[in-house]
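Contents: one structure, followed by commentary.
The values are calculated or read from the model by the stated rules, or taken from the named source; none is laboratory data. In this text, all values refer to a predicted model and were calculated from it rather than measured experimentally. As a convention, Cβ positions derive from the backbone with ideal geometry for all residues, glycine included, and neighbour counts pool all protein chains shown. To get the accessible areas, we keep the full protein, side chains included, count just its heavy atoms, and leave off ligands, DNA and RNA. Shrake-Rupley method; radii C 1.70, N 1.55, O 1.52, S 1.80 Å.
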Amino acid sequence: MTRVTSQRGDTGSGQTGAGQARSGQAGLGQIGPDQSGPDQFGPAPTAKPARAAAPVAAAGTTEMTATTGGTEMTGTAGTAAASRSSMAALPGPAVARLRLSDFRCYATLDLDLVADPARPVVLTGPNGAGKTNVLEALSFLSPGRGLRRARLVEPARHGGAGGWSVAARLVAADGPVDLGTGIDTAAAAAQARAKGPAGALDADADADADTDGGGDGGDGGADEGERSGADGSRLRRRCRIDGTEASGPAAFDERLCLVWLTPAMDGLFTDAAGVRRRFLDRLVGQVAPGHARALGAYETAQRERQTLLAERGYLGADPGWLRALEGRMAEHGVAVAAARLDAVRRLAATVEAGPETAFPKARLALAGTIEAALAAGAEPAAAADAFRARLKAARAEDARTGRTGCGPQRSDLLVDHAPKAMPARLCSTGEQKALLVGLVLAQARLTAERRGQAPLVLLDEIAAHLDGARRAALFDALRRLGGQVWATGTDRALFAALDGTAQFFEVAEGHILAAG
Amino acid sequence: MSTGHAPDIDRLIQLLGKLPGLGPRSARRAVLHLIKKRDPLLVPLAEALATVRDRVRTCSVCGNADTVDPCSLCADPRRATGTLCVVEDVADLWALDRSDLFTGRYHVLGGTLSALDGIGPDDLSIAPLVDRVRREAIEEVILALNATVDGQTTAHYVTERLASTGVRVTALAHGLPVGGELDYLDDGTLAAALQARKSL
Ligand SMILES: Nc1ncnc2c1ncn2[C@@H]1O[C@H](COP(=O)(O)OP(=O)(O)O)[C@@H](O)[C@H]1O
Ligand SMILES: [Mg+2]
Ligand SMILES: [Zn+2]
């Protein structure tokens, strides 16, 4: 059974699909289950997240060779990894219902789905119809700024009241869970007032300059909140789990793991290192729960040190204060680097242990100051001491340049096309695309294995860029993964292989209709 | 728009509504309650407010807020245990003191180091702390600072500044989150926690 209702933003009138329309006003009231009938969103039993203790890859399965500027790691087909990959994770959570209000082009959207990971959801329709917006809405059910890296107020529907909300009921092996997120209309309006027309420019600057690491003790940069200037109060993304207010989006991570592939990621191998670092850190956070927090703490200390060097200059800055900050940078930096190294080793082992498919295997390496030291076998304490010494020696230079010359904020994930032994950035566009698909599939397998349950997979316009054989290989890999897939495309025919299993929807100008 | 009462009462509602935890609605209810309980509540409250207004001061020794200087904690000889507990602000002092777990004296820093907010060592009560440790027979300084980057940076800095006094400096243990299960932690956090271990 599939029931869909949606309401187009600009008219505000509901066009009804296969079922009856629900009326809805924007606002966080919609996030939780409390606003709707008990038949759909009734209180759900609180279940502990399934996070299996997966075996740790044996140290010997990853081969490390030092190279200039970093560390080259060649994952070898470790037997531990190989046997692990055959150990199936539980099927992942599937979406039973998705409700949006004032989210992008949707004034309201209410989608009922078959909550079965074996039944992918396929959204087709012309450009600009609103397909990616639906995937983006789902992507807000995880820490961070969603798959478009939007500012908090950006998804709010133009012409709407200023707030937005996304609510989903998921059904996992351990029971249903209701997740909701969004920003309050009132809070968004207050921020808009505080910023004023000039402030809006600042806000855009923030969005470029920010990092994903998060504030102190936080979990995700601007995700955690955006300063609203005047009174310094912060606009926060509110999050609810089973109707109860959660501390922030980090709490979603215990319930849901999201892996996505979008056209915006096409430049992963050719863009600046920061883009790959962000990809990597998101992945690391999915397998190492403390990572985002450590990264946020490191970045705070790093910014404090640069501020100190800038304002008082190298000679004017209190050396004790600098030592204290460099101590924090070393402590958190080592934690960040260790978690990254561990995750890249595991990812390399997962790639290596995976089947030979139409998607070439990637060879992964991690370049970075502390990562290299740890990979070479340094104890964490020794790596921290060495990093502190480097920071101390670099004070004059960092004061002059205004940036921190070494550390985890400069690290890079290096990817090679393994069969061709060619850096990914030098590969053809098609080869890069295939590598990227393979890498994201490996990410999905790794998170499934480490967390004991398959992730939810969002694929935006992916099928269109693959030939028939690769498309079949992708669908095949996804079926074996066991996570629910949400895929978009302009052409229904691309998904013919999924006839009979997928739930098809036709998206047009902000309306969604069940289609066969 | 009629509010149903004179501007005097309006003003009281507005002022009460500025208190933490009170909004305009609860402020209106509080004011109505005070008016109804004029003798048993409103009169003594007004007197208590006036007394505190006239006498409140910051303790010149520890930074606590009290109506006497030195504050009642600093004046109590039983609190001269040789242990000083360093906190960020008066709220932390009161919270710790309510718990009755600590029986010594306190020292309020008045914030944490934060280059981003322009708060440096001279803006905090660090030099007076060093003086106190030298003057009073202090054997141990407990740094009860928040587990934030700024809190920990300040702890590190204060520890260095106290090094010349030879006093023993300890800190509240941080690292493992409360209720954190070891096997749920990633290797990086575990490594950091292990590195930050404390002798007990
Ligand atoms: N905040 C917003 N308010 C209203 N409409 C928006 C907002 N943000 C984006 N849109 C509109 O949503 C439409 C659909 O976008 P999208 O989901 O990316 O389409 P596609 O189906 O091609 O993936 C676009 O035409 C865009 O103008
Ligand atoms: Mg799109
Ligand atoms: Zn005192």
| message | Given the condition within 21 Å of A:K433 (Cβ to Cβ), open to solvent by 20 Å² or more (accessible area, probe 1.4 Å) and either modelled with pLDDT of 95 or more or in a loop (DSSP other than H, G, I, E, B) (or both), answer yes or no: does some residue in region A:249-260 qualify? | response | yes
| message | Only one of A:R328, A:R340, A:R305 is more than 19 Å from A:A288 (Cβ to Cβ) and more than 7 Å from chain B (Cβ to nearest Cβ). Can you tell me which? | response | A:R305
| query | If you check A:D412, A:D476, which single one turns out to be more than 18 Å from A:V259 (Cα to Cα) and acidic (D, E)? | reply | A:D412
| field | Residue count for region B:130-154, restricted to those that are open to solvent by less than 10 Å² (accessible area, probe 1.4 Å) and within 14 Å of another protein chain (Cβ to nearest Cβ) | value | 6
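Residues are listed down the side, and each one gets a yes or a no for (1) of a type in the set (G, A, S); (2) away from ligand 1 (no atom under 16 Å from the Cβ); (3) modelled with pLDDT under 95:
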{"site": "A:A54", "(1), (2), (3)": "yes, yes, yes"}
{"site": "A:T68", "(1), (2), (3)": "no, yes, yes"}
{"site": "A:S83", "(1), (2), (3)": "yes, yes, yes"}
{"site": "A:S86", "(1), (2), (3)": "yes, yes, yes"}
{"site": "A:P91", "(1), (2), (3)": "no, yes, yes"}
{"site": "A:R99", "(1), (2), (3)": "no, yes, no"}
{"site": "A:D112", "(1), (2), (3)": "no, yes, no"}
{"site": "A:V122", "(1), (2), (3)": "no, no, no"}
| task | Evaluate the following for A:L459: is it within 16 Å of ligand 2 (Cβ to nearest atom) and aliphatic (A, V, I, L, M)? | result | yes
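Which is assigned to a helix (DSSP H, G or I), more than 8 Å from every other protein chain (Cβ to nearest Cβ) and surrounded by fewer than 24 Cβ atoms within 10 Å (Cβ to Cβ), of A:R312, A:R323?
Result: A:R312 is the single residue among A:R312, A:R323 that is assigned to a helix (DSSP H, G or I), more than 8 Å from every other protein chain (Cβ to nearest Cβ) and surrounded by fewer than 24 Cβ atoms within 10 Å (Cβ to Cβ).
Let's see how each residue does on (1) modelled with pLDDT of 95 or more; (2) small (G, A, S):
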{"position": "A:A330", "(1), (2)": "yes, yes"}
{"position": "A:V336", "(1), (2)": "yes, no"}
{"position": "A:A339", "(1), (2)": "yes, yes"}
{"position": "A:P355", "(1), (2)": "no, no"}
{"position": "A:L366", "(1), (2)": "yes, no"}
{"position": "A:A384", "(1), (2)": "yes, yes"}
| note | Considering only helices (runs of 4 or more DSSP H) wholly within region A:351-470, the ones with at least 1 residues that are buried (at least 18 other Cβ atoms within 10 Å of the Cβ), more than 14 Å from every other protein chain (Cβ to nearest Cβ) and of a type outside the set (D, E, K, R) are A:369-375, A:429-451
| Somewhere in region B:68-77, is a residue over 30 Å from B:A171 (Cα atoms) and not hydrophobic (A, V, I, L, M, F, W, C)? | no
| task | Enumerate the pairs (first residue in region A:447-469 and touching a residue at least 60 places away in the same chain (Cβ under 8 Å) and at positive phi; second residue anywhere and open to solvent by less than 40 Å² (accessible area, probe 1.4 Å) and within 16 Å of ligand 2 (Cβ to nearest atom)) with beta-carbon separation below 9 Å, excluding pairs fewer than 6 apart on the same chain, so at least 6 apart or on different chains. | result | A:E461/A:K131; A:E461/A:T132; A:E461/A:T262; A:E461/A:A487; A:E461/A:T488; A:E461/A:G489
| Considering region A:110-150 alone, what residues qualify as being aliphatic (A, V, I, L, M) and under 24 Å from A:V275 (Cα atoms)? | A:V134, A:L135, A:A137, A:L138, A:L141, A:L147, A:A150
| field | Enumeration of residues in region B:112-129 that are within 14 Å of chain A (Cβ to nearest Cβ) and assigned to a loop (DSSP other than H, G, I, E, B) | value | B:T112, B:L113, B:A115, B:L116, B:D117, B:G118, B:G120, B:L124, B:I126
| Restricting the search to region A:490-505, which residues are open to solvent by 30 Å² or more (accessible area, probe 1.4 Å), within 16 Å of ligand 1 (Cβ to nearest atom) and either among the acidic types (D, E) or in a strand (DSSP E or B) (or both)? | A:D491
| field | Residue in region A:119-136 that is away from ligand 2 (no atom under 16 Å from the Cβ) and open to solvent by 10 Å² or more (accessible area, probe 1.4 Å) present | value | yes
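Every residue, every condition in (1) of a type in the set (V, I, T); (2) away from ligand 1 (no atom under 16 Å from the Cβ); (3) farther than 12 Å from A:P91 by Cβ, yes or no:
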site: A:L446; (1), (2), (3): no, yes, yes
site: A:R451; (1), (2), (3): no, yes, yes
site: A:A454; (1), (2), (3): no, yes, no
site: A:A463; (1), (2), (3): no, no, yes
site: A:G468; (1), (2), (3): no, yes, yes
site: A:D476; (1), (2), (3): no, yes, yes
site: A:R480; (1), (2), (3): no, yes, no
site: A:Q484; (1), (2), (3): no, yes, no
| request: Considering each residue of region A:105-118, count those that are within 16 Å of ligand 2 (Cβ to nearest atom) and either within 14 Å of another protein chain (Cβ to nearest Cβ) or closer than 24 Å to A:V177 by Cβ (or both), and give that number. | output: 2
| Is region A:132-149 home to any residue that is within 10 Å of ligand 1 (Cβ to nearest atom) and either within 14 Å of chain B (Cβ to nearest Cβ) or part of a loop (DSSP other than H, G, I, E, B) (or both)? | yes
| query | Given A:D184, A:D178, A:D174, which one is away from ligand 2 (no atom under 16 Å from the Cβ) and within 26 Å of A:D476 (Cα to Cα)? | reply | A:D174
| Quick one: in region A:506-516, which of the residues that are touching a helix residue (DSSP H, G or I) at 6+ places or on another chain (Cβ under 9 Å) and within 15 Å of ligand 1 (Cβ to nearest atom) is modelled with the lowest pLDDT? | A:G510
